[in-house]
Each structure stands twice: as structure tokens, then as C-alpha cells.
Amino acid sequence: MRRTSFSRHAALAALVLSVGAPGLAYAGDTSTAENLFEEGMAALKREDYKAACEAFFGSNEADASPGTEINLALCNEKQGKLATAWGWYRTAAGLADQRGQRERAERARSEASRLEPLLPKLRITTKDAASTLTILRDGTVVPTATIGKDVPVDPGSHAIEVSAKGKKTWKGSVDIASAARVTPFELPKLDDEPEEKATPVAGTVVGGDALAADKGSSSTQRNVGFILGGAGIVAGAVAIGLELLALREDDKRKEQDGQLAQMTAVPDGDPNKKAIIDSRDSHKSAANSNQLVAIVSGAGGIVLIGVGVTLILTSQGSSKTTGQANKPMVVPILGNGTAGLGFHTSF
């Protein structure tokens, strides 16, 4: 259903640049994707476009599909988010190309072209050197390459934040009209941060600076040693967890190898047999990836622990020359669904 079902009036998804950290290697969660896709279709039928977009987005995260992305374009267009709709349509076209779905790719590009002349756009300019600035629009980094260019943006109010080293952060907003036009927005020149002046310490005596520096240096070295050692322990724990995940994926792979062994009489073109082969290969790839990351994490943990122990043993400071406040302490970390141990110290 989710591979083929989408509306004639679908619109394309937004020029969205997303950077995600690589996670653990798992096969696509097709069951979750199908369930969320059906929820999205039901929301479309009752014209609850916000709920439809949320369901389609979750479905696409679980298992990306051109059909899901086309429906994401549709529900965003129905909410007036033409830039987001345009972007999703172009994304769907690219994914359809990769999967050899020529008709769907052409359809997606056609709908994107239909929306393109209707898109409101934002042109951000600055008198400062753009490469020195960090610019956020609605909390997302604006690429330096887009400064001075017309970028499709959904209508409405957008929060702008600009920061730079040694400068005061500026915050404001820009309103984008729904009409197909360009909204120019020039960033203000940032003010300099006031210089911080060192405050003299009362009771300083001649010759005391060298002694204080020596004590502070040895205390810092020891504290860094504890922190690195703690990080090494955490890395080792992560390595163990990854290895367990790899073993679980390998068990699933072995189970499906057993199923295939019992299907020797079934021709290779049989859909059920092909599905089992694809799933087995996916679990095998996940197991190999997790095992590789576990090895790297474990080796890194060993190195960190070794460096930490060396720093602790070679530090010149001791409990006799360092105040109680500088001693590293192991503290519990408790939160919503989170528990663990951490190191607390001061420098």
C-alpha cells in the first residue's frame, strides 16, 4: 500500500538540510512504517493534515519510500507549507530514481515544477564576513553558501539568531508573506563583546603565583586523568553493548539461514524465499557493522584508561596540596529513563 498510494495533488518537500549522527546498524522497520503509513492515509481522508504529516514523517524515518515522501509533500501543501512540500517532492524524485521507479520520479518532478513558481523565498544578506558568522533560522543552521541567494521558505514568522566569536549574539525574526515573492533580510552588524578584566585577588604575596600555578597544574592533570579514565570505562561499556547487539543480529541471521536450508526445493524467484534472503543479508550487515564499532570503541576505551592512569600517577599534586573542592567525585546520574554514574570535579 505505502509503495503505491499517493494523491494526484501531492506537493513537494522543503529545502531541508539535515545532519544526523550515524546510529547503530539495523534493518528498516517495515512493520512500523506500514502502520504509520496507514495512520497517515486515514488522517488525509478526514483532512487532518497535521496528523497526516506526523504519521508519514514517522513512517519515512522507519523505512524511507518515495510514496511516503510524496504523501508528505501533499499534507504539507494542504497546510500552506509550499517550500516544505516542494522539498519533499524533489526528495521523492531522487529516491525513486535510485530504485528505478521512472514514472514515479517523473511525476514527482512534475509536481515540484508546478509548485516552484509559487514558492515564497528569503534572501539573507550581511555586512559582516558570512564565513565568520553562525546563522540559525528556526534553530537550524543556515549554510554559508546560501547567504545572498533566494532560498524557498514556508510563509509565516521565522526566528533568526546570529552569533560570532567575540561578538554579542543578535536575535530577531522575519515575516515571510504567502505570495510568490522574495523577502530581503539584511542582518545587523554585530556589536563587540566587552573585554573581561582580571580581578585582583586580595592577600596575594610575592612569590605566591609560582606556587599556586604549580598546585593548579598538578591538580588539573590529575583531574583530567580521572575524566579520561571514566570516559574509557564508558567506551568499554558501549563496546560490550554493541557486541551484544551484534550477537543478537547474528542469531537472527542464523535463524533465517536455517529457514533457507529447509527451502531447498523452493525456486530462487519465489517471493517468500527472496524476502528471507533479503532479511538475512540485512541482519548479517547489521551484525558486522555493530561488531566493527564495538572493536573500535573497546580499543579507544583501553587507550583512554591507560592515558588517564598515567596522568594520575605522574601528577605532582596530592591531597595535601589540593583543596577538597578539587577532588574528583563519582556522582549518580538519574533522569527520565536514564541512570548511570558520572565524574564531577573542578579546575
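Computed values, structure above
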read-out: Pair list, Cβ < 8 Å and 6+ apart or interchain, from region 125-144 residues that are more than 17 Å from Gly156 (Cα to Cα) and free of Cβ contacts under 8 Å to residues at least 60 places away in the same chain to residues that are among the charged types (D, E, K, R) and not in a strand (DSSP E or B); value: Thr132/Lys165
read-out: Residue that is modelled with the lowest pLDDT, among those in region 121-134 that are surrounded by 18 or more Cβ atoms within 10 Å (Cβ to Cβ) and touching a Leu at 6+ places or on another chain (Cβ under 7 Å); value: Thr126
read-out: Subset of region 132-165 (residues that are in contact with a helix residue (DSSP H, G or I) (Cβ under 6 Å, 6 or more places away or on another chain) and either part of a strand (DSSP E or B) or more than 18 Å from Val182 (Cα to Cα) (or both)); value: Thr144, Pro152, Ala164
read-out: Sole exception among (1) surrounded by fewer than 12 Cβ atoms within 10 Å (Cβ to Cβ); (2) in a loop (DSSP other than H, G, I, E, B) for Ala180, by number; value: (1)
read-out: Criterion: open to solvent by 70 Å² or more (accessible area, probe 1.4 Å), over 21 Å from Ile176 (Cβ atoms) and hydroxyl-bearing (Ser, Thr, Tyr) - qualifying residue of Ser59, Ser65, Ser31; value: Ser31
read-out: Any helices (runs of 4 or more DSSP H) falling wholly within region 63-121 and containing at least 2 residues that are polar (S, T, N, Q) and under 26 Å from the mean Cα position of the chain (by Cα); value: 66-78, 82-98
read-out: Residues (assigned to a strand (DSSP E or B) and modelled with pLDDT under 90) located in region 183-198; value: Pro184, Glu186, Asp192
read-out: Of all residues in region 251-278 being in a helix (DSSP H, G or I) and open to solvent by less than 40 Å² (accessible area, probe 1.4 Å), the one that is modelled with the lowest pLDDT; value: Lys273
read-out: Pair list, Cβ under 7 Å, 6 or more apart: region 95-118 residue under 27 Å from Asp150 (Cα atoms) and among the small types (Gly, Ala, Ser), other residue modelled with pLDDT under 90 and buried (at least 20 other Cβ atoms within 10 Å of the Cβ); value: Ala112/Leu12
read-out: Residue match in region 203-221 (condition: in contact with a strand residue (DSSP E or B) (Cβ under 7 Å, 6 or more places away or on another chain) and either open to solvent by less than 90 Å² (accessible area, probe 1.4 Å) or at pLDDT below 90 (or both)); value: no
read-out: Count - residues of region 56-87 that are of a type in the set (D, E, K, R) and within 25 Å of Asp150 (Cβ to Cβ); value: 4
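The values are calculated or read from the model by the stated rules, or taken from the named source; none is laboratory data. Small disclaimer: the values here were computed from a predicted structure and weren't measured. Glycine gets a Cβ as well: all are built from the backbone with ideal geometry, and neighbour counts include every protein chain shown. Only protein heavy atoms, including side chains, enter the accessible area calculation; ligands, DNA and RNA are left aside. Shrake-Rupley method; radii C 1.70, N 1.55, O 1.52, S 1.80 Å.
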